[in-house]
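Below is one structure; the comments refer to it alone.
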Amino acid sequence: MPMPNQSPSYDIIIIGGSMVGSALACALGGSRLRVAVLEASEPAAVVGRGDYDLRVSAITRASQRIFEAVGAWDAMTALRASPFRHMHVWDAGGSGVIHFDSAEVGEPTLGHIIENRVVQESLLARARTFDNVTVLRPSAMDVFTVHSEGVTVRLQDGTELGARLLVGADGARSSVRAQAGIEVRGWAYDQTAVVATVRTERSHQETAWQRFLPTGPLAFLPLGDGSCSIVWSTAPEQAEMLLGLGEDEFLRRLGEAFDFTLGEVTATGPRAAFPLRLRHASHYVQPRLALIGDAAHTIHPLAGQGVNLGLLDAATLAEVLLDAVARGRDVGDVAVLRRYERWRKGDNLAMMTAMDGFKRLFGTGVTPVRLLRNAGLRLVNGAGPLKRVFIRQAMGLGGDLPRLARVDAAWKDAVR
Ligand SMILES: Cc1cc2nc3c(=O)[nH]c(=O)nc-3n(C[C@H](O)[C@H](O)[C@H](O)COP(=O)(O)OP(=O)(O)OC[C@H]3O[C@@H](n4cnc5c(N)ncnc54)[C@H](O)[C@@H]3O)c2cc1C
């Protein structure tokens, strides 16, 4: 059915205003494009005060650059963002250790641990400052239909909106992806991540710690008030057991699993669990439609890369769309969108494959494999140039970065 004979209300409608969707809205802020971002949830009541939220992310330097370039970084650090300067990774089944120090690559930090809601609320607040961006919240998409000239989106309250391009930033269970009939490949990792905010006897030393146990990795991520956010990936039945334990017993088991590296674990906040799955959409784009962030891919949290990959998707898609506008092209044209897909799909797949390999490599107790992986860790730790490559990868600075993630953000003005 052709689009009704009227110009669409927007050029781009983004479904999902969490970290990735709101980053895209900001990256398109100040351009000629009329953008709407729809977020189903209510705003968080308290942000950046009181107890740390359970959901935090390790934000790479590349993502920091994106936040700086779109003008949202200062708001995040004003709320709260915890820098980490070291990363210490070791194998419970051997002597292999790897230690990264930001000074080795001449950078002040390796990244920051930030609550997801601090990232989201800072980005949405920034998005609202642009005349060409409308934030609709709470507002949820019900269904959409694609026409030759555009897309019509029906909201759950019955309102209809039109656009030239629909972007699905609606997370791992994306209804945009499902309604578009885009297949997802992947599998359950057979692990569940238990998360909590804990206190330890000794200081975390601004270090992101990760111990690989045969059942899965256990991370202690440093927070600004001296506490740590833990991500304990383990077998689903063990995760269930850990959630059900009394506080003292949970603290004892956690301390033991972490080999008392920071002394005793002395206190914990509430615990929650997230089943882990690898998912990869078979396509990121269709005529008048693109997927970004978890809607396109989900990955094991062991290297803290999930949202960082999503932010690179957002920055790349913004670059491709702004380039298209500068050339007078239709932003919903699949030929335009394919440039975004080609650019990001390979990089995302490479990271997903590497993380999957790590998970399997550290999940085996077979002696030759265990010896080899320990030798590998020692080798990387001892080899300066190779180690610097790894550090830069962990900081998100490897690969073909979009302009927003490079130092120079002046390009935005150049294309407008
Ligand atoms: C335990 C754990 C630890 C992790 N740690 C890290 C880490 O350290 N570093 C890292 O990079 N990544 C990490 N991740 C991954 C990271 O959390 C995700 O990649 C990230 O949250 C995805 O963001 P997103 O914006 O793509 O999707 P989501 O955060 O899932 O957001 C989707 C949004 O869409 C909205 N929405 C959905 N449907 C609709 C609709 N119909 N209409 C309107 N709105 C809609 C939702 O309300 C939601 O706000 C971790 C994940 C887990 C499980």
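The values are calculated or read from the model by the stated rules, or taken from the named source; none is laboratory data. The model shown is predicted, which means the values in this text are computed figures rather than measured ones. Ideal geometry is used to build each Cβ from the backbone, glycine not excepted, and the neighbour counts take in all protein chains shown.
Of the residues that make up segment 278-297, is at least one in a loop (DSSP other than H, G, I, E, B), in contact (Cβ under 8 Å) with a residue 24 or more places away in the chain, over 24 Å from Q179 (Cβ atoms) and not charged (D, E, K, R)?
No, segment 278-297 contains no residue that is in a loop (DSSP other than H, G, I, E, B), in contact (Cβ under 8 Å) with a residue 24 or more places away in the chain, over 24 Å from Q179 (Cβ atoms) and not charged (D, E, K, R).
Criterion first (more than 9 Å from the ligand (Cβ to nearest atom) and closer than 23 Å to D333 by Cα) does V265 satisfy it?
Judged against the criteria, V265 is not a match.
List the pairs whose first member sits in segment 6-25 and is more than 8 Å from the ligand (Cβ to nearest atom), whose second member is at pLDDT 95 or above and among the charged types (D, E, K, R), and whose Cβ atoms are under 6 Å apart, counting only residues at least 6 apart or on separate chains?
Pairs found: P8/R164; Y10/R34; D11/R34; D11/R164.
Give me the pairs: first residue in segment 390-406 and β-branched (V, I, T), second residue buried (at least 22 other Cβ atoms within 10 Å of the Cβ), beta-carbon distance under 9 Å, and six or more apart or on different chains, which are they?
What qualifies is I391/M87; I391/F100; I391/L110.
Got a number for residues in segment 138-163 being more than 19 Å from V334 (Cα to Cα), surrounded by fewer than 18 Cβ atoms within 10 Å (Cβ to Cβ) and of a type outside the set (A, V, I, L, M)?
The number of residues fulfilling the criteria is 8.
Between a residue in segment 86-104 that is of a type in the set (D, E) and any residue that is crowded, with 20+ Cβ neighbours inside 10 Å and at pLDDT 85 or above, which pairs come within a Cβ distance under 7 Å, given they are 6 or more apart or on different chains?
D91/F212
Considering only segment 137-256, give the strands (runs of 3 or more DSSP E) lying wholly within it that have at least 2 residues that are within 30 Å of L337 (Cβ to Cβ), within 12 Å of the ligand (Cβ to nearest atom) and free of Cβ contacts under 8 Å to residues at least 60 places away in the same chain.
Result: 141-146.
Quick test for you: out of G269, G255, G263, pick the one residue that is surrounded by 14 or more Cβ atoms within 10 Å (Cβ to Cβ), touching a Ser or Thr at 6+ places or on another chain (Cβ under 8 Å) and either over 20 Å from D53 (Cβ atoms) or among the small types (G, A, S) (or both).
G269
When the residues of segment 26-42 are narrowed to those that are farther than 17 Å from A290 by Cβ and within 11 Å of the ligand (Cβ to nearest atom), which ends up farthest from the chain's Cα centre (by Cα)?
E42
With the structure loaded, tell me whether E319 is part of a helix (DSSP H, G or I), away from the ligand (no atom under 16 Å from the Cβ), surrounded by fewer than 20 Cβ atoms within 10 Å (Cβ to Cβ) and at pLDDT 95 or above or whether it fails that test.
For E319, the condition - part of a helix (DSSP H, G or I), away from the ligand (no atom under 16 Å from the Cβ), surrounded by fewer than 20 Cβ atoms within 10 Å (Cβ to Cβ) and at pLDDT 95 or above - is not met.
For segment 114-123, what are the residues that are buried (at least 24 other Cβ atoms within 10 Å of the Cβ) and touching a strand residue (DSSP E or B) at 6+ places or on another chain (Cβ under 8 Å)?
Matches in segment 114-123: I114, E115, V119.
Please go through segment 236-252 and pick out each residue that is of a type in the set (G, A, S) and exposed (fewer than 14 other Cβ atoms within 10 Å of the Cβ).
Hits for segment 236-252 are G244, G246.
Check I59 against each of (1) within 11 Å of the ligand (Cβ to nearest atom); (2) surrounded by 24 or more Cβ atoms within 10 Å (Cβ to Cβ); (3) within 20 Å of S139 (Cα to Cα) and name the one condition it does not meet.
Of (1) within 11 Å of the ligand (Cβ to nearest atom); (2) surrounded by 24 or more Cβ atoms within 10 Å (Cβ to Cβ); (3) within 20 Å of S139 (Cα to Cα), only one is false for I59: (3).
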